[in-house]
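This report concerns only the one structure given below.
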Amino acid sequence: MLPKTYDPGPVEDKWSEIWQKEKLFISAADKGRKPFVIVIPPPNITGALHMGHALNNILQDSLVRYERMTGKEAYWVPGTDHGGIATQNVMEKMLKTEGRTKEDLGREKFLERMWAWYWVCGDTILNQLRKLGCALDTGKANVRFTMDAKRATAVFEAFSALWKKGLIYRGERMINWCTRCGTALSDIEVEYEEEKSKLWHIHYPAADGSKGLTVATTRPETMLGDTAVAVNPEDDRYKTLIGGKLKLPLAGRVIPVIAESVVDKTFGTGAVKVTPAHDPADFEIGRRHGLQFIRVIDFTGRMVNCPEKYRGKNAQAARKEIVEDLKAGEFLEKEEHYRHSVNKCERCHQHIEPLVSEQWFVKMKDLAAPAIKAAESEEVKFYPSSWKKPFIEWLKNIQDWCISRQIWWGHRIPVWYCKTCSSAALRFSAAGELSRVSFKGGAKPAVSFAKPPKCPDCGGADFVQDPDVLDTWFSSALWPFSVFGWPQRSEELAYYYPTSVLVTGYEILYLWVARMVMSGIEHMGRPPFSYVYVHGIIRDRHGKKMSKSLGNGIDPLSMTDKYGTDAMRFAILSQAAGGKDIPFSEEALIGGRNFVNKIYNVFRFIMMNLPENSGITSLDEKQLKALKASGALTLADDWILERYGGALDDVKACMADYDIGNAVSVLYRFFWDDFCDWYLELAKPRLETADKAVTLGILLHLFGGTLKALHPFMPYVTEELFSGLKAYTSPDKPFLLKEKYPFSLSAGGGPAGLFGGQPSAFSLQSSQAESSMKKIMGVVTQIRTLRAEFEIPPARTVKTLITSADKNALELLKKHESYISRLARTEGLEIAPDLARPARAASALSDAFNIYVPLEGMIDLEKEKARIAKEAGRLGSDLALCEGKLKSPNFISRAAKAEVDRVVSRKADAENKLARLETILRELA
RNA sequence: GCGCGGUUAGCUCAGCGGUAGAGCGCCUCUCUUACACAGAGGAUGUCACAGGUUCAAAUCCUGUACCGCGCACCA
C-alpha cells in the first residue's frame, strides 16, 4: 500500500542521478531537427545559489524541457562565470579569516587558491542546479567556465580583433575607482544610493582681499584640489568676478574664476568649485579651460598633495577636519541638510572615487549601432516588449567601456611590453611585479596570447605582461559563441548559433545582454539569440527585495528540502507572469506541495483500482476515437476529453508567448477542478461496472497525458509517477522527459507557435458536451448548497425532486441521473415534469430546473423564506439592469446584435426564474 | 528632471470594452473506501481619485495622488 502523502526527497535524488547517468541532456548536432538552444547565464562562483538563480534556471529548464518534448533538438549549455571582482572579494574575505591578505600570498599563490576555490564552488553550483531539476548535463566534458582554456582563446581572439580594428585603446580618463576593491569599474558597475548629507557653503575670498564669492559643495575635502571656480556667464551676481582670482582657503593657492554655461544659476550659490581631478563634470571643465589637474585623493582613498595635516588621512576623515578648519577660519557660511545620490561600488558598496587614470577602453559607438538596429527591427525581440525601448535608449547613450581592472582574478590583458624598449613607462612593485604601465610615458604594447618570442625593436626577449585583467563581462559578452568553441568554426558552432532564447533578469540587461548582442554581431555576424525573455526578481511576500541586511531572504535549497523541488518550481512558475517581480513566501510553497500531493494521490487512486495482470492499458487517441464513434463514451468522457484538449491548446498558446505562469495555471485548473473534482468522482462508480476497463483506459490516457504536460514544470514527480504507470501507458518508452508533448487531442498537434490547425476530435460536439455538463453541474451545486445550508452531513443521502417545464432538459437529467445522485448524494431522485413542491422542502433553482429537497423537521420556514427572497432580490436587480439597457434606444441601435440578444435572453431568464421563485414564496406563506 | 510599471476581496495577484475572478486567509459542515497537504458550501470589493470617449469603462484617453523601478555630470 502506497503511503498517503508524497515524499519528494528520495524521488528527486533518484531521478536526478538517473538523468545524469543516462546522459539525457547531452545534445548532438542533428541536421534533421531544429535545434532549441539556451546558454545558461553562468552563475558567478561566489558561493551558493540564491532565489534569483532558482527562478532564472527553473524558467530555462521549463522552456528546454518543453521544447524537447515538442520534438526539437534541445540543448541547454551549462557553465559558470569566474565573476571577477565579486569572486576575488569572496576569496579576500576568506583570507581575512585566516588573518592574511592577497598581498601576503602574492599573485601566483593567490590565483592557485582561486582555482582551487573554483573547483569546489563550481561543483556546489552544479549540484544545486541538478537539485533544482535542471536538465543540464553536468559532466566535466560538457560544463563550460568563462576562464577555461577554450574560453581564454575566445577572449584573446576578441581582444585582438577589436585591437586590430582600433576599437580597443588605452587612454587617460576619469574613471570610477573603488578604493576598497582597488580597481577601476565601468559606469554600469556603479550604483547610486540616496544618502542624507550636507551641502556646505564655503567662502572663497578674492586674492586681492576683496569680497570673493561662496561656493556650495557636497564634497568639501576635494576643495584642496580646486583649480578654479566656475559661474554662469549670464549670472549678474558674478559677472564682474569672471577672470578674477580667488584665494583657496586652507590651501592658500590662487585660482581663477571662469565662465561656464553648464553652471546652474539656481542651484546652491550659483558658483561651483572646480576640481578637475575628482569630479567627472569638473574633469570636462578642466579640459575645456586648460586647468591644472591636482590629485588630492590617491588610489587608496587617502589625501595627498595637500597641507601636511591632512596628508595620508582617508578622505572621509579629512572631510570632518576640513569642515572644522573652515569653520574655525570663518570660511564656512552655511551647512544645509541635503539628500543626494552617492556613487557606490556594486560589489562592496563602498563610495566610488572618480579619479583620473590610464585604463583600457572599448570604443562603443560603432559596436552599438548594429545592435540598436537589431533591437529596433526585432531581430532580437524582448519579452515583455516593454524592455525594447530602454534597451535601445541605453545603447544610444552608450559611453566607452572601461575594460581594465586592477585585480588578479580574471583574464589577464593579452598585451606585453618589452622591458628594454618600454622601460621608462613601466613601474614595478617591491616584489618585482609590473604594477603600472604608462602609455603617456611611451609604453609599446604587443598584443599576444603568450609571451612574444622577440622584440621587433630591440630583439630582446624580456617581456612583461600588462598587470591588469579584463572586466569579467568582457568574457561573458562572448558566451553565446565561446561556449561552442569559437573562434574555431566547428560544426557545433554552426548548428547551435545563434541560440534560441536568452532568459535573464532585468538587472543585467545592459551589463550583459547588450554586450552579448554587440559582440555577437561583431564577431559572428549576427545577434546571439532571437528572443530575450526578461524576468523579474524574487521578492518577499510584501514585495520587498530580499536582502541579507533585511533578513528576509529565502534559501532555495532549504525550501526544496522542506517542500520538494517540484513544489518550489510550481510556486515560482505559477507566479511568473509578464516579467514582473515575484512575491514569494513559504505559503506559496505549501500550495505547491499540496498540488504535488494531489497529483500523487490520483496516481495512488489509479493504482489501487488497476487489477494486476489485467492487461488494461492506456487508450490511445485512435482507440478513443473508435470508442466515440461506436457510442461507447459517456457524456463525462466527452466533456473531460474536450476540456483536456482545450487545456493543452491553451498551454500551447501560452508557451508560444513565453507565458509560463499561465500555462502552469491552466494545467493546474484542468487537473484539479475538472479532472479531480468532477471527472474522477464520476469515474468511481463506473469502476464497479462492466465499463471498468474503458474507464481505466481513459483515466490512464488523461493522467499520463497530464503528467507529460506538467513535466516541463514539475519534472520529478511526473517522471516518478509516469515510471510507475509505464507498464500501462508507454511500456517501450523509458523516460517521460523524452516523450512527446501530448498535443494529439488538441487542435494544432504541432509544436508551440503553430497552432490554429484542425479542430480536435472532441471539439465538434464541444458546445453540446460542455453545455450538458454545465446543466448537470449546476443542479448538483444547487443540491449541495441546500445540503450545506441545512448542515446535512456528507455521509447522509437526501431525497430530491427535480422538475422543469423544459422536456429536453429533463430528459438530459434523467439520462444522467446517476451523475446527480452520486455527486449530490441523493436517494430516491425523482426527475419529472409537473412535480409538486413537497410541503416541508428546501427549494432552489438551476437553469430551467426547480429543485426540492424535502427536509422533515429540519427546515426553518422563516429562514427558507429569507433565503429565497434574497435570491429573488438578486434576480430582481439583474432584471432591472437588463430592462434598463433594453429601454435605451441607443443601446438597441448601437450595441452589437449579439450583445442585444444576450441581454434579451438574460432578461427572459431572470423573469422566468423570478416567477418561479415567487410561486415558491407564495406557497411558503 | 525624464522614462517605465503599478494602484482590483484581509494578503499576493489575474482580468484590460459587455452583470467583478483565482490562490492563500476567514466562517460552516465533514476523516464519504485517492488525497484533511482533502472534500462540500459560504462571506468579503463605489476595481486609487477626478474628468472625458462610448449605447456600455476595472478595462480606452487626459489629468491628479501615492508606491516601485530604471536613466541623468545639479556641484
If amide H atoms are modeled at 1.01 Å from N in the peptide plane, then the residues at a separation of 5 or more from A:R100, or on another chain, having amide H under 5 Å from its own are none
Most to least packed among A:114-121, A:664-671, A:585-592 [average Cβ atoms within 10 Å]
A:664-671, A:585-592, A:114-121
Rank A:P3, A:S385, A:A709 by how far each Cα sits towards the positive end of the charge dipole of chain A (+1 on Lys, Arg Cβ; -1 on Asp, Glu Cβ) and give me just the farthest.
A:S385
Using a basic spin-label model with each label point 7 Å from the Cα along Cα→Cβ, how many nm lie between A:K454 and A:E379?
4.4 nm
The range A:495-642: C-alpha gyration tensor shape, a/c 1.5 cut-off, then a/b vs b/c:
oblate
Between A:K164 and A:Y338, what length comes free when the chain is fully extended (0.36 nm per residue of separation minus the Cα-Cα distance, one decimal in nm)?
57.8 nm
Viscosity 0.692 mPa s, temperature 37 °C: Stokes-Einstein D of the range A:107-251 from its Kirkwood Cα radius, in µm² per second?
149 µm²/s
Packing rank of A:222-233, A:93-104, where each peptide gets the mean count of other beta carbons within 10 Å, highest leading:
A:222-233, A:93-104
Going by average Cβ density within 10 Å per residue, which order do the peptides A:345-351, A:393-399, A:717-723, A:65-71 take, highest to lowest?
A:717-723, A:65-71, A:345-351, A:393-399
Return the FRET efficiency for the residue pair A:W115, A:D264: r is the Cβ-Cβ distance, R0 is 30 Å, and the value is rounded to the nearest 0.05.
0.05
Whenever you get a sec, line up A:Y496, A:Y192 from highest to lowest accessible area (probe 1.4 Å, protein heavy atoms).
A:Y192, A:Y496
What residues of the range A:410-454 lie in the reach of a label at A:A461, counting those whose backbone N is under 13 Å from a point 7 Å from the Cα along Cα→Cβ?
A:451-454
Cα gyration tensor category, rounded, prolate or oblate, for the range A:629-735 with a/c compared to 1.5:
oblate
Links exceeding 22 Å between C-alpha atoms in this model, out of A:K131/A:K740; A:K14/A:K733; A:K23/A:K652, come to A:K131/A:K740; A:K23/A:K652
First measure r as the distance between the Cβ atoms of A:E284 and A:A908, then evaluate 1/(1 + (r/R0)^6) with R0 = 56 Å and state the FRET efficiency to the nearest 0.05.
0.15
For A:H340, what accessible area in Å² do you get when you roll a 1.4 Å probe over the heavy atoms of the protein chains, rounding to the nearest 10?
40 Å²
At 24 Å minimum axial length over the Cα atoms and a Kyte-Doolittle cut of -0.5, report the qualifying DSSP H helices in chain A, or say none.
A:51-69, A:586-609, A:635-656, A:692-710, A:766-789
Trypsin sites (Lys or Arg not before Pro) within the range A:129-174: which are DSSP loop residues with at most 16 other Cβ atoms inside 10 Å?
A:K140, A:K165
For the range A:826-898, run through the trypsin sites (Lys or Arg not before Pro) and keep only the ones in DSSP coil with at most 15 other Cβ atoms within 10 Å of their Cβ.
A:R840
Take the Cβ-Cβ distance between A:K247 and A:L105 as r, set R0 to 41 Å, and report the resulting FRET efficiency rounded to the nearest 0.05.
0.25
From the square roots a ≥ b ≥ c of the eigenvalues of the alpha-carbon gyration tensor of the range A:170-232, which class results: rounded (a/c under 1.5), prolate (a/b over b/c), or oblate?
prolate
Filter the GluC sites (Glu not before Pro) in the range A:628-711 to those in DSSP coil with at most 16 other Cβ atoms within 10 Å of their Cβ, and list the result.
A:E688
Asserting the computed 222 nm helical MRE of chain A (DSSP H runs at least 4 long, -39500 (n - 2.57) per run, divided by residue count, to nearest 500) equals -13000 deg cm²/dmol
Amide H contacts of A:N232 (H built 1.01 Å from N, under 5 Å, at least 5 apart or other chain):
A:E260
Modelled label-to-label distance, A:T797 and A:N601, 7 Å Cα→beta-carbon offset: nm?
2.5 nm
Starting from the amide H of A:F382, placed 1.01 Å from N in the peptide plane, find each other amide H under 5 Å away whose residue is 5 or more places distant or on another chain.
A:V532
With a 1.4 Å probe and every protein chain left in place, tell me how much accessible area A:S821 has, in Å² to the nearest 10.
40 Å²
Taking the Cα centre of each part, how many Å lie between the range A:767-799 and the range A:383-438?
73 Å
Per residue, how big is the convex hull of chain A when only Cα atoms are used? Give it in Å³.
249 Å³
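The values are calculated or read from the model by the stated rules, or taken from the named source; none is laboratory data. Bear in mind that the values here come from a model prediction, so they are computed numbers and not experimental data. Quick reminder, even Gly has a Cβ in these numbers, built from the backbone with ideal geometry, and neighbours come from all protein chains shown. Surface areas here come from the heavy atoms of the whole protein model, side chains and all, with no ligands, DNA or RNA. Shrake-Rupley method; radii C 1.70, N 1.55, O 1.52, S 1.80 Å.
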